[in-house]
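Structure record follows, encoded as structure tokens.
Derivation of every value follows stated rules applied to the coordinates shown; laboratory data play no part. From a predicted model like this one, the values you see are computed outputs, not experimental measurements. Cβ sites come from the backbone with ideal geometry, for glycine too, and all protein chains shown count toward neighbours.
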Ligand code: SF4
């Protein structure tokens, strides 16, 4: 099986071809630098994305505060991660970097605030 991956590690956007057999990489071509090779390897075998969304705030001046995962989560866990964040609520005040959900879905990765919510 051949996958084509567009490298997003820099604006050049190289198209990298990754050949795979039984879930293992057998060949990679099309990258210009080693960052791209590493990116394509990770994307082909363990694709991850940073989860960004908002969480409800109780007792704050605004009803929502923006949050993100401190590190990229496995792509297959993003939907369940969103559901868990949707169920959560945090009490104002909230500061940038505050941990909103610790160890989401047992990944060892925290969901942290990227904005502030003052209490009223
Ligand atoms: S392979 Fe290297 S040069 Fe090409 S897009 Fe990725 S980081 Fe940029």
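Which FRET efficiency value, to the nearest 0.05, do you get for residue 87 and residue 6 by plugging their Cβ-Cβ distance into 1/(1 + (r/R0)^6) with R0 = 22 Å?
Plugging the Cβ-Cβ distance into 1/(1 + (r/R0)^6) gives 0.05.
Please give the calculated 222 nm ellipticity per residue for the chain, where each DSSP H segment of at least 4 residues contributes -39500 (n - 2.57) and the sum is spread over every residue; nearest 500 deg cm²/dmol?
Rounded to the nearest 500, it is -5500 deg cm²/dmol.
Tell me, how many Å apart are the Cα centres for segment 74-91 and for segment 1-39?
29
Stick to the Cα atoms of segment 2-46, pair each with every other, and give me the Kirkwood hydrodynamic radius in Å at one decimal.
For segment 2-46, inverting the mean 1/r across all distinct Cα pairs yields 10.2 Å.
Over the chain, with a Gaussian network built from C-alpha contacts below 10 Å, which listed residue (78, 51, 12) shows the highest mean-square fluctuation?
Answer for the Gaussian network model of the chain: 12.
Please determine, in degrees from 0 to 90 and to the nearest 10, the orientation of helix 34-45 with respect to the longest principal axis defined by the Cα atoms of the chain, where the helix direction is its Cα long axis.
Here the helix axis deviates by roughly 80 degrees.
Test of understanding: extend the Cα→C-beta vector of residue 17 to 7 Å, then name every residue of segment 29-51 with backbone N under 13 Å from that spot.
Only 29-31 fall inside the zone, counting backbone N under 13 Å.
How long is the chain along each principal axis, judged by its Cα atoms, biggest number first, in Å?
57, 30, 18
Compute the projected area of the convex hull of the Cα atoms of segment 52-113, averaged over all viewing directions, and report it in nm² to one decimal place.
3.7
Assuming R0 = 30 Å, what is the FRET efficiency of residue 54 and residue 119, from their Cβ-Cβ distance, to the nearest 0.05?
For R0 = 30 Å, the calculated efficiency reads 0.95.
For segment 19-78, what does the alpha-carbon gyration tensor say about shape, rounded, prolate or oblate, given a ≥ b ≥ c as the root eigenvalues, a/c under 1.5 as rounded, and a/b over b/c as prolate?
Since a/c reaches 1.5 and a/b is larger than b/c, the shape of segment 19-78 is classed as prolate.
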